[in-house]
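Working notes for the structure below.
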Amino acid sequence: MSEAMAGSMLAMMRAKDAGLDNGVARTERTGSPTSFRRWCEDVLAPAVRR
């Protein structure tokens, strides 16, 4: 891994540790009934396999 890539990964992990993913509380109004895993299985995986 390059130094730039390692630095970017470190910056991302620090941001996540500082609460990046907690910007908006997940509620019925802000969330989706579809989980990220289900979306990956139903949408992303078939698109990548093409």
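The values are calculated or read from the model by the stated rules, or taken from the named source; none is laboratory data. Quantities reported herein were computed from a predicted structural model and do not represent experimental measurements. Glycine gets a Cβ as well: all are built from the backbone with ideal geometry, and neighbour counts include every protein chain shown. Heads up: the accessible areas ignore ligands, DNA and RNA and are worked out on the full protein's heavy atoms, side chains in. Shrake-Rupley method; radii C 1.70, N 1.55, O 1.52, S 1.80 Å.
Quick notes on this one:
- Computed E for Glu3/Thr27 - FRET, C-beta separation, R0 35 angstrom, nearest 0.05: 0.30
- Residue order by solvent-accessible surface for Val24, Val43 is Val24, Val43, largest first, with ligands and nucleic acids left out and a 1.4 Å probe.
- Annotation: extensible slack from Arg37 through Ala11 equals 6.9 nm (criterion: 0.36 nm per residue apart, minus Cα-Cα distance).
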